[in-house]
Every structure is written in structure tokens, then in C-alpha cells.
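What follows is a set of notes on a single structure, which appears directly below.
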Amino acid sequence: MARPKFVLLPSHQLEAFAPLLGEAEHARVLAAARDARERFEGRAIWHVSSTLRGGGVAEMLRSLLPYVRGAGVDTRWAVLREDPEFFRLTKRLHNNLHEDPGDGGALGAAELAAYRETLRRSARHFERLIHRGDVVFLHDPQTAGLARYFIAGGATVIWRCHIGTDDPGDTALRAQRFLQPDVEAADLCIFSRRSLAWAGLDPDRCRVMAPSIDPFSPKNQDLDPACVAAILVAVGLAADGAEGAPGFSRADGSPGRVERRAEIIQDGPIPVGARLVAQVSRWDRLKDPDGLVECLASELAPADNIHLLLAGPQATAVTDDPEGGFVWSEVGAHRAVLPAPIRRRIHLAGLPMVDLDENGAVVNAIQRRADIVVQKSLAEGFGLTVVEAMWKRRPVIGSRVGGIAEQIVDGESGLLVDPRDPRALARAILALTRDPRRAAELGAAAHDRVRRRYLGVLRLAEYADLLTALEATAA
Ligand code: UDP
């Protein structure tokens, strides 16, 4: 176990949002920023998570916190660096909270003791850093066990849970019971949706806040089609011949360029005229990459000329997700045994995570190149990738599960299908490829929905209100 990593955050100005938000909403955001600056003068707001890269939590913090800093509030982000054994246990908790057995391991007294002991030691690293009056956001199960220590030190602690299922069964309830005493030590819990809040917690101490994206980040900023094509060439997914340059604007505003090749499994590059269906996700069984391969293999004919691209972080890059490497190999093995006419339409890409701005730009280009973006998750608290693709005006087909079913209004801002019904997914894919006008209408409505509901800047005012209310109750 090492000292946590303290992430250097850039500062972004809120002024850029004026054209996106409209005058009244923008003024409200600026006023909230002013209030927050005064209220938190001399105090810090901390975020503690367990990974710097790959996955929704890292993504959200990266896209939200620079604006808080830009508003003049001292905001910091620490990432835990624990042993693989600890992350194996927390991955089990993660899976179990989704009602999935994961590695099938136990969550008994020995596991609880190990979990608590790791975080007790971890808390020591923060002793001289977190002060009375600071606010600490702890993200997901990996960090919940820190709450009691920071509370004892006089900080306000909020546990932010990004995962879970609407329908907890024995497995999810077991994981909730495991974590509950640690979670209850926090002043407040925030869930991504109302139905994800745990029944065992005091409802007065639970709030709901939807995740959000930053429209100006390398992952979501506008890229013109020539640049999109050049990025796909640069990583090795498309053949040479693009006229543009693989350039983008980095999070700190400086110019960037996609240079690294991805780890790619494919028979040949994605043909220029092919209709591309893409899913961007961590290599996790709950994202059902195998199900997508199966759907293409058994439900879509070679004549449809539909290619499938599954892209995710290079399997070794996400430290708190030890299963990634297995799933990447599994999907590769599944693809390898398919007949050539099917296999050649399936592309797998492990995207380098060394430079996160570059990685974001590649995800951006993939989502923009895709004619259809799918998210075939079997469970999903909230799917950031869905919002990212909606922002890019893509027609998205998502599973009718968890958060996705709220993010997409079926038939209006995307399509929803049963994740266990590959035929329904194939039908939806074919319907959209055959009706580009409808696909474009769904994409336009999707963009508008994100602008109204899922931009991070809208959350800043909500967070400010929440902290004000919390401190008023405590006073
Ligand atoms: N992601 C990324 N690089 C990759 C693959 C995924 O940055 O190579 C990001 C993706 O764009 C999204 C996040 O990881 O922002 C995944 O969040 P989501 O809520 O969809 O799923 P989670 O990983 O939290 O289960």
C-alpha cells in the first residue's frame, strides 16, 4: 500500500458556458460560484476515489473539479493506492452491489476486518492534510471506510455512491450490509438515482444527484470529421488516407495530438463505408461485450455491412479493476473462433491510458465515427458513456436497465432494448441504419436532453446548495 496520489487539477472558467446555458441559468451558476467562494474561504473540499483513470468516477471528477477550482474554491483530489488484494475485495463489493456474484468470494468477518484495516492505515496519510471544517467527498465502496476517521477529525463527510441496482437481491443486500456501518458514519450519502438509495439507510440522510459531463473536455469537445478520421488512423483502427490532423484541445487548453497506437485485434481496418456500431466501456462482464459479439455473429448478416467496435481502456491500465485483463482475453478468444466473414467485422481496441487527454480524444473520435452507439450493459447505475454519445448527437441504443432507462427516453432521445434479447438489439440496429433521418432526429433530441440535464456545470450550483443546507442543519 502506498501513499495516496494527489492529483494536480487545472482551473477552468465558467464563462465558457454562457452560450450553452442561456443568460438566466448562467447567472445562477455564477452566483452559486460566488457564494461558494465566500463560504469555503480558508477551507478545502476533498474528493477521495480509488482510480485516476478509466471508469465513470474518474471521468466525472476530472470534468467537474477544474470548474470548482476556477470558481475560487480550494478543491483537491486524492486517489487511493492500495494492494491488489484490497481491490479484489472491493471489486467483489462492486459486483455484488450490482447483484452479480463477481468472483464468488465471501463477505464475512475476515473480509470486513481486512477492508477496515486497509482504510484505517490509509486514513493516516490524510491526518495532517484534512482539517476541521473541510468537506470530504468519498467515492464508492473503496473509500467508505475512511468516513469515520475524517468525521473524527472534524470534517464534513459525504459518501457518493455511483453504482448499484434498482432491484437488490440477496447478493446486493449482503454487500450493502457489509458497508452500511461505514457508510452510516458519513453525514450524508448521495446516489445517482432515487431507486439506487439503500433501503437500510436513513432517507433523510440520502440525496440524489445525476452524474454529468464536461462538453469542453477532450472527450466531448467538437471534432470535425477530418480530425475524427485522422484520429482513427493514428490509433490503427482505420487505414491511411485521412486528410486531417489528429489534433485536439487538451484539458488545460494547450494543443494535443493523438500519437499512440491502440492495442487492436482486427483482421483489417474499419472500411470507410462500413456502418459502425460502437460500444466504449471498461472490460467488464456487466457491460456484456460478449453479448454484443454474439449479437453481431448470430443476428446480423454480412450483407448488412455492419461493423462492431468494442473499445475500452488497455486492460492493464485500470488498477481498481483486476478483471479487465480476463474479460479482454475472453472477448478476443470468442472473436477468434468465429468464421472469417463475421470475424472481420469485429474490431477490439484497448486504448492507451498513459495520457488521459489523448485517451479522451480517441473515445471522442470513436463515438463520433460511430453511426450508432450501443450500451449493452446488464446492469448500470448510470451510464456516462451513454450521455457522452448523446451529447455527440449519436443515436444510442441502450439496455433497458438502471440509469440508462432514465437517461434515454425510448423512441425520443434514443432506443431502449432488453439486454437479454439480442434479436431486439439487432432489429433496432437495422432499423436505424436503414432510416438515417430517424437516427439523426434521435441524435438531435439526445443532445438537447444532455444540455438540459447532464452538464456538470448544472451540478455545481446543486452541490453548493447541498453543502449550505448541510451546514445549516449542523449549526
Ligand atoms: N472511458 C475512457 N476510456 C476508455 C473507456 C472508457 O475514458 O478507454 C470512460 C468513458 O468514456 C466513460 C467512463 O469511462 O466516461 C465510463 O463510465 P460509465 O458510467 O459508462 O461506466 P463505469 O465504468 O463507471 O461502469
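Worth a mention:
- Rounded to the nearest Hz, the phi-derived 3J(HN,Hα) couplings of region 244-255 under the Karplus curve 6.51 cos²θ - 1.76 cosθ + 1.60 (θ = phi - 60°) are x, 10, x, x, 7, 9, 5, 4, 8, x, 7, x, where x marks glycine and proline.
- Under 5 Å between amide hydrogens, built in the peptide plane, is the criterion, and for Ile190 it picks out Trp159, Arg160, Cys161, Arg207 among residues at least 5 positions away or on other chains.
- Proximity of backbone amide H atoms, modeled 1.01 Å from N, is registered between Gly256 and Phe248, Ser249, Arg250 at under 5 Å, excluding neighbours fewer than 5 places apart on the same chain.
- Relative contact order computed over the chain (Cα-Cα under 8 Å; 6+ residues apart), in percent: 15 percent
- Taking each residue as 0.36 nm, the span from Asp83 to Val272 lengthens on full extension beyond its C-alpha to C-alpha distance by 63.6 nm.
- Between the residues Trp283, Gly133, Cys295, the greatest Cα displacement towards the positive end of the dipole of the chain, with unit charges on the Cβ of Lys, Arg, Asp and Glu, is found for Gly133.
- Compactness of region 73-132 is given as radius of gyration and Dmax, 14.4, 43 Å, from Cα positions.
- Per residue value of the accessible surface for region 8-164 (all protein chains in place, 1.4 Å probe), Å²: 41 Å²
- Amide H contacts of Trp77: Val7, His47, each under 5 Å away and 5 or more positions distant or on a separate chain (H built 1.01 Å from N in the peptide plane; Pro and chain starts excluded).
- Counting Lys and Arg as +1 and Asp and Glu as -1 over every other residue whose Cβ lies under 12 Å from the Cβ of Gly22, the net charge comes to +1.
- Inter-label distance for Glu117 and Asp355, nm, one decimal - labels placed 7 Å from Cα along Cα-to-Cβ: 4.3 nm
- For Lys392, the lysines whose Cα falls under 17 Å of its own Cα, not counting residues fewer than eight places away in the same chain, are Lys219.
- Per-residue 3J(HN,Hα) values for region 121-138, derived from phi via the Karplus relation 6.51 cos²θ - 1.76 cosθ + 1.60 with θ = phi - 60°, read 6, 4, 4, 4, 5, 9, 3, 8, 9, 9, 10, 3, x, 5, 10, 10, 9, 9 Hz in sequence order (x marks Gly and Pro).
- Here's the picture: a label point sits 7 Å out from the Cα of Thr316 along the beta-carbon direction, and within region 349-377 the residues with their amide nitrogen under 19 Å of it are 349-356, 359.
- From phi via Karplus (6.51, -1.76, 1.60), per-residue ³J(HN,Hα) for region 164-172 in Hz, x at Gly/Pro: x, 10, 5, 10, x, x, 4, 5, 5
- Helix-only mean residue ellipticity at 222 nm for the chain, each DSSP H run of n ≥ 4 adding -39500 (n - 2.57), per residue, nearest 500: -13500 deg cm²/dmol
- Approximate spin-label separation Asp418-Asp448, in nm, with each point projected 7 Å along Cα-to-Cβ: 3.2 nm
- Segment Asp170-Ala110, length gained on full extension (0.36 nm per residue, minus Cα span): 19.6 nm
- Sites Leu129 and Ala303 - FRET efficiency at Förster radius 51 Å, r taken between beta-carbons, to 0.05: 0.25
- Net charge, Leu416 excluded, C-beta distance under 9 Å - Lys, Arg +1, Asp, Glu -1: -1
- Label-point gap, in nm, between Leu466 and Ala431 - each point 7 angstrom along Cα→Cβ: 3.5 nm
- Counting only lysines at least 8 places from Lys5 when in the same chain, those with an alpha carbon closer than 21 Å to its own are Lys91.
- The distance separating the Cα centre of region 243-315 from that of region 350-394 comes to 9 Å.
- Note on the chain: the C-alpha convex hull projects to 21.1 nm² when averaged across all orientations.
The values are calculated or read from the model by the stated rules, or taken from the named source; none is laboratory data. Just so we're clear, the structure is a prediction, and the values are computed from it rather than from any experiment. Methodologically, a virtual Cβ is constructed for each residue, glycine included, from the backbone with ideal geometry; neighbour enumeration extends over all protein chains shown. Just the protein is used for accessible areas: all its heavy atoms, side chains included, with ligands, DNA and RNA removed. Shrake-Rupley method; radii C 1.70, N 1.55, O 1.52, S 1.80 Å.
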